[in-house]
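Reviewing the structure listed below.
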Amino acid sequence: MTGPGTTDTATADTATTDTATPGRARVASAVVIGAGLAGLTAAEGLAARGVEVTVLEARPRVGGRTHGIEVAPGAWIDAGAAYLGAKHTELLVLIKDLGLSTTPTTMLGASRFALDPATGADGELATRDGRFPPLNAVALGELFDRLAELTAQVDPEAPWLTPDAERLDALTAADWAEQQLDHPDARLFFPLFLGEMMAADPADISVLHMAFYLRSGGGLRYLNAFEGGAQEDRVAGGAHLLCERLAARLTDRRPGSVRLGEPVRSVVQDGEGVTVHTEAGAAYRAEVAVVALPPLLAESLDLRPVRPAPRAGERTGRGCAVKVNLVYPSPVWREHGLSGWSVNARGPLLSTVDDSPADAPDGSRVGVLTGFVTGAEAHRYAALGPEEQRAAAVEQAASLFPMLPEPIGFHRTDWVNEPYSKGCYAALFGPGDWSRLGPALTAPHGRVHWAGTETSTEFFGLLEGAIRSGHRVVAEILDAEATEV
Ligand SMILES: Cc1cc2nc3c(=O)[nH]c(=O)nc-3n(C[C@H](O)[C@H](O)[C@H](O)COP(=O)(O)OP(=O)(O)OC[C@H]3O[C@@H](n4cnc5c(N)ncnc54)[C@H](O)[C@@H]3O)c2cc1C
């Protein structure tokens with residue numbers, strides 16, 4: 001493996017465990033494109049088995065859709081992914097393996113709801129124990145029953161093989177709601193629910209994708225829950241630590257193997273290997289490449305030879321979320337019996353949650369209220385100037401929690417327009433995407449392999465999916481002979 005401006009073929013110097021199939025060529029070198037959780041998991045898995053790995057990352061940091069911000073000395077918050085639960089088994093193993101721990105998400109006290117679409121957050125506020133909104137319980141029960149039926153129907157390993165897949169993939173979730181939901185409360189709540197779960201506008205995703213996502217993520221109840229669900233815990237100190245520690249392991253093993261600020265432009269393969277070219281003109285040579293990018297970004301790479309089947313289409317959308325973190329001297333809402341949780345019909349903050357870091361050992365603390373701006377609202381909010389964004393979020397938070405003082409910090413992360421993410425939490429598959437792209441999402445293109453949370457049918461879109469995709473690609477490379485194209 002070589003650095004900028006040169007090309008050379010690498011050889012592995014160590015082989016701790018040889019998992020190659022007898023009689024097949026053993027892969028000795030790999031370039032991994034993207035230092036998110038998927039790319040780094042793959043890189044670490046390959047390096048641990050003696051493959052010489054170089055990771056090329058476009059940003060000046062590792063972590064991708066995980067990103068930590070230090071809001072007070074030693075107090076970190078998650079500007080990207082944050083939550084996990086007991087079903088995220090590979091993530092829990094990794095947390096332990098990296099010497100990290102989890103901290104519970106605080107959800108004690110009453111919730112706030114501003115669900116009157118006529119008045120929005122400035123109108124009448126409802127305060128309720130628990131998280132069930134003050135809407136017609138029968139209508140919401142029916143909504144969840146219908147979603148559960150769809151979710152049970154989907155083929156979780158190959159959604160395009162779901163019975164009736166063609167019809168479900170042709171219909172948007174907005175069309176489905178129009179046809180299926182009669183009660184105004186169900187119609188009001190459905191887009192808020194999809195925004196929170198998937199950062200999706202119902203008009204942008206197919207019914208098949210919605211059903212698949214809910215199934216893949218552990219089911220409706222699990223995905224939607226804090227206690228016992230997918231939001232139960234956070235990584236203590238911030239989820240960004242996962243990638244930082246993985247990258248540190250890789251560079252301890254081989255200094256210089258994680259290269260930041262190196263956006264990749266093209267991947268050219270021949271009979272012996274791949275040459276990965278960066279925007280800055282550097283070239284890296286190895287036997288195989290792992291592309292660990294979200295599909296919209298992977299699709300914009302120049303691949304030679306060209307890939308026969310696309311992995312993203314015209315209807316593939318960006319997950320729409322702007323995450324807002326408001327920092328206060330303390331989580332003052334707790335003193336008023338409030339959890340910090342709110343759900344709001346009007347934006348920008350369609351929901352809020354208490355994301356305060358654990359108190360420091362010296363007793364110092366900060367309060368962090370995280371606001372989610374999702375779906376169509378994310379586009380509106382992202383188009384505002386920084387001052388308008390701050391004012392709108394601070395004002396809405398104060399109307400929901402009038403006891404709040406002026407914030408001491410304000411951070412907003414616009415994932416929709418992040419050039420090296422193009423949306424979050426994950427790509428949104430629009431009508432026709434699963435039917436057309438599904439079978440091609442993971443199929444290797446000669447020496448080019450695909451990782452990333454969107455290539456995992458288990459926990460698609462989540463940290464857990466990213467890790468599982470990294471493990472899959474390691475097995476794929478070490479079990480397969482490098483084939484010519
Ligand atoms: C606001 C937000 C909230 C979320 N909440 C949760 C949550 O609570 N729980 C959960 O489990 N998941 C959550 N997610 C989703 C989770 O973050 C992702 O599923 C996961 O991080 C994806 O990892 P990845 O490695 O597949 O992709 P990424 O993290 O996107 O990694 C791709 C990497 O490739 C790099 N890259 C892009 N283009 C190039 C190029 N041309 N050359 C080189 N490098 C390139 C990028 O910079 C990035 O580092 C959330 C995401 C966001 C943003």
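Throughout, read-outs are computed from the coordinates displayed, never taken from laboratory work. Keep in mind that this is a model prediction, so the values were computed, not measured. FYI the Cβ positions are ideal-geometry reconstructions off the backbone, even for glycines, and counts take in every protein chain you see.
Dipole magnitude of the chain about its Cα centre, charges +1 at Lys/Arg Cβ and -1 at Asp/Glu Cβ only, in debye to the nearest 20?
Values: 41 positive and 62 negative charges, 148 e Å.
About 700 debye.
For region 138-224, what's the relative contact order in percent, using C-alpha pairs closer than 8 Å and at least 6 residues apart? Provide the component values of the computation, followed by the final result.
Working: 82 pairs, mean separation 35.5, N = 87.
It rounds to 41 percent for region 138-224.
Need the list of lysines near LYS422 for cross-linking: C-alpha distance under 18 angstrom, and skip anything on the same chain fewer than eight residues off.
Answer for LYS422, where 18 Å is the Cα cut-off: LYS323, listed by chain and number.
Hey, what did region 225-294 get for relative contact order, percent, Cα under 8 Å, at least 6 apart? Don't jump to the answer; show the numbers that get you there.
Values: 54 pairs, mean separation 10.8, N = 70.
Relative CO of region 225-294 lands at 15 percent.
Using alpha carbon centroids, what distance separates region 278-296 and region 364-441, in Å?
29
Restricting to bridges with both residues inside the chain, how much of the DSSP beta-bridge set is antiparallel, in percent to the nearest 5?
Working: 45 of 66 bridges.
Antiparallel bridges make up about 70 percent of those DSSP assigns within the chain.
Determine ³J(HN,Hα), in whole Hz, for all residues of region 37-49 in sequence, where each value follows from phi through the Karplus function 6.51 cos²θ - 1.76 cosθ + 1.60 and θ = phi - 60°; x replaces Gly and Pro.
Each residue's phi maps through the Karplus curve to give 5, 5, x, 6, 4, 4, 4, 5, x, 5, 4, 5, 9 Hz.
Using Cα atoms only, what is the angle between the long axis of helix 240-253 and the major principal axis of the chain, expressed in degrees (0 to 90) to the nearest 10?
On a 0 to 90 degree scale, this one is about 20.
Give me the aspartates and glutamates in straight-line cross-link reach of LYS96: C-alpha distance below 20 Å, same-chain residues under 8 apart excluded.
Partners within reach: GLU44, ASP78, GLU232, ASP233, GLU244, ASP252, GLU464.
Using packing as a proxy for protection, rank 198-208, 215-225, 32-42 so that the peptide with the highest average count of other Cβ atoms within 10 Å comes first. List each step's numbers first, then the result.
Working: 198-208: 25.1, 215-225: 20.0, 32-42: 30.2.
The packing order, highest mean first, is 32-42, 198-208, 215-225.
Which of rounded, prolate or oblate describes the chain when judged by the alpha-carbon gyration tensor and an a/c cut-off of 1.5? Don't skip to the answer; put the middle values down first.
On the way: a/c = 2.08, a/b = 1.49, b/c = 1.40.
Prolate, since a/c reaches 1.5 and a/b exceeds b/c.
Just check region 56-204 against the gyration tensor rule for me: Cα atoms, a ≥ b ≥ c as the square roots of the eigenvalues, rounded for a/c under 1.5, and otherwise prolate or oblate depending on whether a/b exceeds b/c.
Working: a/c = 2.00, a/b = 1.26, b/c = 1.59.
Since a/c reaches 1.5 but b/c is at least a/b, the shape of region 56-204 is classed as oblate.
Can you give me the long-range amide H partners of ARG304? Hydrogens built in the peptide plane at 1.01 Å from N, cutoff under 5 Å, separation of 5 or more residues or another chain.
Hits under the 5 Å cutoff: VAL267, VAL268, GLN269.
Order of 52-59, 408-415, 352-359, 317-324 by packing, highest average Cβ count within 10 Å first? Don't skip to the end; give the middle numbers.
Values: 52-59: 24.0, 408-415: 17.6, 352-359: 20.8, 317-324: 25.5.
Sorting 52-59, 408-415, 352-359, 317-324 by mean packing, highest first, produces 317-324, 52-59, 352-359, 408-415.
Using the C-alpha gyration tensor of region 138-224, what are the square roots of 5 times its eigenvalues, in whole angstrom, with the largest one first? Don't skip to the end; give the middle numbers.
On the way: eigenvalues 73, 40, 28 Å².
Semi-axes (√(5λ), whole Å): 19, 14, 12.
Which ³J(HN,Hα) values, rounded to whole Hz and listed in residue order, are derived for region 341-346 from phi using the Karplus coefficients 6.51, -1.76 and 1.60 in 6.51 cos²θ - 1.76 cosθ + 1.60 with θ = phi - 60°, glycine and proline given as x?
6, 8, 10, 9, 6, 10
Set Lys and Arg Cβ to +1 and Asp and Glu Cβ to -1, take the dipole of region 138-224 about its Cα centre, and tell me which of PRO202, GLY217, HIS183 lies farthest positive.
Looking along the dipole axis, the top candidate is GLY217.
Checking the a/c ratio against 1.5 first, then a/b against b/c, what shape does the Cα gyration tensor give for region 330-393?
Numbers: a/c = 2.90, a/b = 1.91, b/c = 1.52.
Prolate, because a/c is 1.5 or more and a/b exceeds b/c.
Whose amide H sits under 5 Å from the amide H of LEU338, counting only residues 5 or more places off or on another chain, with H placed in the peptide plane?
ALA110
For the chain, find the longest principal axis of its Cα atoms and tell me its angle to the long axis of helix 207-216, 0 to 90°, nearest 10.
On a 0 to 90 degree scale, this one is about 80.
Amide H to amide H, which residues 5 or more places from ARG65 or on other chains are under 5 Å from it, using H placed in the peptide plane?
LEU37
Convert each backbone phi in region 423-437 into a coupling constant with the Karplus relation 6.51 cos²θ - 1.76 cosθ + 1.60 (shift: θ = phi - 60°), then list the ³J(HN,Hα) values in order as whole Hz, x for Gly and Pro.
x, 6, 5, 7, 4, 9, 8, x, x, x, 5, 4, 5, 7, 9
Considering the options SER364, THR453, HIS277, tell which one lies farthest towards the positive end of the dipole of the chain, charges being +1 on Lys and Arg and -1 on Asp and Glu at the Cβ, about the Cα centre.
Checked the options; the winner is HIS277.
Mind pulling the angle between the C-alpha long axis of helix 184-198 and the longest principal axis of the chain? Nearest 10 degrees, somewhere in 0 to 90.
Taking the Cα atoms of the chain, the angle to 184-198 is about 30 degrees.
Please compute the contact order of the chain in relative form: average sequence separation of alpha-carbon pairs under 8 Å and at least six residues apart, divided by the residue count, as a percent.
Values: 1118 pairs, mean separation 123.6, N = 485.
With pairs under 8 Å counted, the relative contact order is 25 percent.
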